[in-house]
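Visitor: Handing you a structure now.
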Amino acid sequence: DQQVKQNSPSLSVQEGRISILNCDYTNSMFDYFLWYKKYPAEGPTFLISISSIKDKNEDGRFTVFLNKSAKHLSLHIVPSQPGDSAVYFCAASTGANSKLTFGKGITLSVRP
Amino acid sequence: NAGVMQNPRHLVRRRGQEARLRCSPMKGHSHVYWYRQLPEEGLKFMVYLQKENIIDESGMPKERFSAEFPKEGPSILRIQQVVRGDSAAYFCASSHGVSYNEQFFGPGTRLTVL
């Protein structure tokens, strides 16, 4: 059973515009959420995280929004740059120092 | 570079051989996690270790797979009698273990079983 779902396999946006990547989860015990970016043949790189006690966290061009009632989070990238083209994984955990449960990822393409 | 180190980066084994994957965590990190990524899939948790202890092995196949994180040296993921279905990218991550914290990933080992 897929507890973390990234239903759109790909997204294409114009450089300079906003990229919105969505993620849904089913396990109400998840209390910490993370986004990772991954290039081919490399390991995932941590981008941004959010605790369930918050509904928004911002770091530079990246903002993560959490809607606990809808069990939904999203990653906003503004403005999008060609170097942002990669696979983005949403991940969730329950409690401190616990395993991460990943979605299948979404491939973002930013067109120049 | 004080990041998570994994070696080898690429490993080719024939069916029935053993595969040993190594992971050195980031400096100051004492928590190590192993994940596996099959083609077109997300990363799947395998095992979580601290020095000399296995904390959570709920994602580890019951047979042929084992993991350790000795007091000295890297963490080792061992796969005995490999089969073609073991072909995947294996990623190690580490964290410093203080409250909620991010896991930082190594570059992965790509295992190919012929």
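Visitor: Here's a check for you: in the range B:75-99, which residue that is farther than 23 Å from A:Asn97 by Cβ and of a type in the set (S, T, N, Q) is nearest to the other protein chains (Cβ to nearest Cβ)? Don't jump to the end; show me each part of the working.
Guide: Residues of the range B:75-99 farther than 23 Å from A:Asn97 by Cβ: B:78-89.
From the residues that got through so far, the ones that are of a type in the set (S, T, N, Q) too are B:80-81, B:87.
Numbers: B:Gln80: 23, B:Gln81: 26, B:Ser87: 15 Å.
Ranking the qualifying residues of the range B:75-99, first place goes to B:Ser87.
Visitor: Please find, among B:Glu102, B:Glu72, the residue that is within 14 Å of chain A (Cβ to nearest Cβ), more than 15 Å from the chain's Cα centre (by Cα) and at pLDDT below 95.
Guide: B:Glu102
Visitor: So B:Ala19 clears everything in (1) modelled with pLDDT under 95; (2) within 12 Å of the chain's Cα centre (by Cα) except one condition, right? Which one?
Guide: Condition (1) is where B:Ala19 drops out.
Visitor: Within the range A:95-112, track down each residue that is in a loop (DSSP other than H, G, I, E, B) and either within 7 Å of another protein chain (Cβ to nearest Cβ) or surrounded by fewer than 14 Cβ atoms within 10 Å (Cβ to Cβ) (or both).
Guide: Answer for the range A:95-112, where residues must be in a loop (DSSP other than H, G, I, E, B) and either within 7 Å of another protein chain (Cβ to nearest Cβ) or surrounded by fewer than 14 Cβ atoms within 10 Å (Cβ to Cβ) (or both): A:Gly95, A:Ala96, A:Asn97, A:Lys99, A:Leu100, A:Gly103, A:Lys104, A:Gly105, A:Pro112.
Visitor: Among the residues of the range A:4-14, count how many are away from chain B (no Cβ under 11 Å) and surrounded by 14 or more Cβ atoms within 10 Å (Cβ to Cβ).
Guide: 2
Visitor: Show me the strands (runs of 3 or more DSSP E) found entirely inside the range B:1-78 where at least 2 residues are loosely packed, with under 14 Cβ neighbours inside 10 Å.
Guide: Strands (runs of 3 or more DSSP E) meeting the threshold: B:10-13.
Visitor: Only one of these conditions is not met by B:Arg64: (1) within 14 Å of chain A (Cβ to nearest Cβ); (2) at positive phi. Which number is it?
Guide: Answer for B:Arg64: the failing condition is (1).
Visitor: Consider the range B:31-49. How many of its residues are more than 12 Å from the chain's Cα centre (by Cα) and more than 9 Å from chain A (Cβ to nearest Cβ)?
Guide: Residues that pass the stated criteria total 2.
Visitor: Under 9 Å by Cβ, and 6 or more places apart or on different chains, what pairs join a residue from the range A:47-58 that is within 16 Å of A:Tyr88 (Cβ to Cβ) with one that is of a type in the set (D, E, K, R)?
Guide: A:Leu47/A:Lys37; A:Leu47/A:Asp59; A:Ile48/A:Glu58; A:Ile48/A:Asp59; A:Ser49/B:Glu102; A:Ile50/A:Lys56
Visitor: Another question, then. Please tell me if A:Thr101 is within 14 Å of B:Gly42 (Cβ to Cβ), touching a residue at least 24 places away in the same chain (Cβ under 8 Å) and polar (S, T, N, Q).
Guide: On the way: within 14 Å of B:Gly42 (Cβ to Cβ): yes; touching a residue at least 24 places away in the same chain (Cβ under 8 Å): yes; polar (S, T, N, Q): yes.
The answer is yes for A:Thr101.
Visitor: Right, here's the next one. Is at least one residue of the range B:86-100 of a type outside the set (A, V, I, L, M, F, W, C), touching an Asp or Glu at 6+ places or on another chain (Cβ under 9 Å) and in contact (Cβ under 8 Å) with a residue 24 or more places away in the chain?
Guide: Yes, some residue in the range B:86-100 is of a type outside the set (A, V, I, L, M, F, W, C), touching an Asp or Glu at 6+ places or on another chain (Cβ under 9 Å) and in contact (Cβ under 8 Å) with a residue 24 or more places away in the chain.
The values are calculated or read from the model by the stated rules, or taken from the named source; none is laboratory data. Fair warning: this is a prediction, and the values are worked out from it, not measured in the lab. Cβ: placed from backbone, ideal geometry, glycine included. Neighbour counts: every protein chain shown.
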